[in-house]
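Trainee: Mind having a look at this structure? Questions to follow.
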Amino acid sequence: NPADEASERLEERLEERLEQRGATLSENLGLLFALLIRMEMLLFGVQALLALIPCPGAAEELFEVSVWPDQAVVKYGQSLVVNCSTTCPDPGPSGIETLLKKTQVGKGPQWKEFLLEDVTQNSVLQCFFSCAGVQKDISLGVTVYQPPEQVIMELQPAWVAVGEAFTVTCHVPSVTPLENLTLILLKDNQELHRKDFRNLAVASQRAEVTISAKAQREDDRCNFSCHAELDLSSHGGGLFHNSSAIRVLRIFELSQSPQIWVSSLLEIGMAETVSCEVARVFPAKEVMIHMFLGDQELSPCLSWEGDTVWANATVRAMETGDQELSCLVSLGPVEQKTKEPVHVYSFPPPILEIQELYPLAGMDINVTCSGHVLTSPSPTLRLQGAPDLPAPGEPAWLLLTTSEEDDGRNLSCEASLEVQGQQLSKTTVIQLHVLYKPRLEESGCPGNQTWLEGMEQKLACVPKGNPTPALVCTWNGMIFDLDVPQKATLNHAGIYCCTATNHLGSASKDITVIVQGLGEGVSSTIFIIIIVALGVGVITIALYLNYRPCKKERRKLPYRQKEKKKEEESQSAAQQAEKYNAHNC
């Protein structure tokens, strides 16, 4: 050992000096102290020398190997730069061990840098250095990730009946590492369900979450979405997140068939109102209703109240025979259809013909009632005033001798037809206008009239006749204004001569006007009222005491005889009136 040899030489020199010089004790102690210092310096040099001598155990503790980055997170298919370095002042063989494609892109005395390309899977690489014949390495784990670039949200089905189940599914394709993924289902931005994949077996890993629920009305038009989060903070990476498109859930209820309201008989060409109703439907305002008569589509008008929808349409059938009215109700993916049979018939009103619409009084005219040619089968006809019913298919007729009383009379023709077991009838009415000379009857033009002095009065006279007669009244040789009321005075008393005229002739009548004073008029009026009241009371008592039910036989005279008798009476009365007027005017 070199250290032991040096120590022996020092001891020998010390002994020689002690013997030769015979130094004193103090000198010996000084020499001893100096010797100890030199020995300490010698030991330090020996330690330095030992450090230069190769020793396996000591070399491993004297250098280190490091790698950058200390945590590697790389996107799928991308590249990664890795730097390996050492503290060894003069490193030997060094490099990187990995299955990935690598390229050295830089180096220095104590470092090397590598480019790892097309990283598609997780791996562990080794970075190593040799120093003084000793090799040391360090491991680096590489984590490959794929962010949730596509988040797919599905609702099955998109339209759900109330009370039925629907599923909400969220799927994220091509995302890694799955154990760092969290899927969150949202309903109108409120968290509905959360799922992570930390505890799933590798073989069963699939980035998907599915839940089921029962549809309620309040779920209608709710927005569903899915939010995905990939948290790589534990690997030294960041937080990646993405969301799906919003899906809208539709809820509906359409469990009942619609009802049709329509008459079983429709007349061709006539407008009829038909209705279709559907109850317990949701949402009511989104219901679509189509109505058809055969192949003819109608144009319904819809109305709503609560969960009930009505459709009203006007239909005009254009073909006779048996047809079908249908109502189709649709809501979302569901349809309900109802049909009702109808029978379309043709039954125009009967034809009423009068030989002369404006006959003169006393003229004979023919009146005919017949069925329309489009009516099938032939209807049963009845003409007002005709003595007998015609044979089937034959018209009804009447020979009428007109009189003044027939003016304004309505003549009617009624047709009856049986269709599908129902009895139908239609009537045509024509008003008869009989032309006759003017008449001034007592009921419309009284011959004696009483006025009260000081009161507004008008001469009361309304003539009869067709055409309507023109009336002119004279008083004291002057024409009296019949339209303007006159303030009655005693001078208005006297005889007024009135004449009614139309193109068939004229009639005249004298009217006596009496003007009474106000007090006299009131007394007379009271007296008249009392007399009338007493008369009514006496008549009522007499009828009550003497009334006995009796039966009178009625004789039916032919219509022609009645009309002839009326005509004779009218002519006789007219002649007497003309004689009277000629005498007085």
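The values are calculated or read from the model by the stated rules, or taken from the named source; none is laboratory data. The structure displayed is predicted, hence computed values, not measured ones. Every residue, glycine among them, receives a Cβ derived from its backbone with ideal geometry; neighbour counts consider all protein chains shown. Ligands, DNA and RNA are stripped out before the accessible areas are found, and what is left, the full protein with its side chains, is counted by its heavy atoms. Shrake-Rupley method; radii C 1.70, N 1.55, O 1.52, S 1.80 Å.
Trainee: Kindly list the number of the only condition in (1) assigned to a strand (DSSP E or B); (2) of a type outside the set (Val, Ile, Thr); (3) in contact with a Pro (Cβ under 7 Å, 6 or more places away or on another chain); (4) closer than 26 Å to residue 274 by Cβ that fails for residue 372.
Mentor: (1)
Trainee: While we're looking at this one, here's another question. Provide a single number: the residues in segment 214-269 that are assigned to a loop (DSSP other than H, G, I, E, B), open to solvent by 70 Å² or more (accessible area, probe 1.4 Å) and hydrophobic (A, V, I, L, M, F, W, C).
Mentor: Final tally of qualifying residues: 1.
Trainee: Identify, by number, the condition in (1) within 30 Å of residue 429 (Cα to Cα); (2) open to solvent by less than 70 Å² (accessible area, probe 1.4 Å); (3) assigned to a loop (DSSP other than H, G, I, E, B) that residue 319 doesn't meet.
Mentor: (2)
Trainee: In this structure, does residue 148 turn out to be surrounded by 14 or more Cβ atoms within 10 Å (Cβ to Cβ), under 60 Å from the mean Cα position of the chain (by Cα) and of a type outside the set (Gly, Ala, Ser)?
Mentor: Yes, satisfied.
Trainee: Hand me the list of strands (runs of 3 or more DSSP E) wholly inside segment 409-522 holding 1 or more residues that are open to solvent by 50 Å² or more (accessible area, probe 1.4 Å), of a type in the set (S, T, N, Q) and in the same structural domain as residue 365 (by the TED database).
Mentor: Of the strands (runs of 3 or more DSSP E) lying wholly inside segment 409-522, those with at least 1 residues that are open to solvent by 50 Å² or more (accessible area, probe 1.4 Å), of a type in the set (S, T, N, Q) and in the same structural domain as residue 365 (by the TED database) span 410-419, 422-431.
Trainee: Based on what the data block shows, is residue 190 among the polar types (S, T, N, Q), more than 29 Å from residue 81 (Cβ to Cβ) and free of Cβ contacts under 8 Å to residues at least 12 places away in the same chain?
Mentor: So residue 190 passes the test.
Trainee: With the requirement that a residue be more than 22 Å from residue 145 (Cβ to Cβ), touching a Lys or Arg at 6+ places or on another chain (Cβ under 8 Å) and crowded, with 18+ Cβ neighbours inside 10 Å, what does segment 86-110 give you?
Mentor: Passing the criteria: 86, 94.
Trainee: Residue 383: more than 28 Å from residue 321 (Cβ to Cβ), of a type outside the set (Gly, Ala, Ser) and surrounded by 18 or more Cβ atoms within 10 Å (Cβ to Cβ), yes or no?
Mentor: Here the answer is yes, as residue 383 does meet what is asked.
Trainee: On to the next question. Scan segment 113-125 and tell me whether some residue there is in contact with a Pro (Cβ under 8 Å, 6 or more places away or on another chain) and open to solvent by less than 80 Å² (accessible area, probe 1.4 Å).
Mentor: No - not one qualifying residue is present in segment 113-125.
Trainee: What's the number of the condition residue 138 fails, among (1) open to solvent by 50 Å² or more (accessible area, probe 1.4 Å); (2) out of contact with any Pro (no Cβ under 9 Å at 6 or more places or on another chain); (3) more than 30 Å from residue 67 (Cβ to Cβ)?
Mentor: Tallying (1) open to solvent by 50 Å² or more (accessible area, probe 1.4 Å); (2) out of contact with any Pro (no Cβ under 9 Å at 6 or more places or on another chain); (3) more than 30 Å from residue 67 (Cβ to Cβ), residue 138 fails exactly one: (3).
Trainee: Which condition from (1) open to solvent by less than 50 Å² (accessible area, probe 1.4 Å); (2) within 30 Å of residue 174 (Cβ to Cβ); (3) assigned to a strand (DSSP E or B) is the one that residue 81 breaks?
Mentor: The number of the failed condition is (1).
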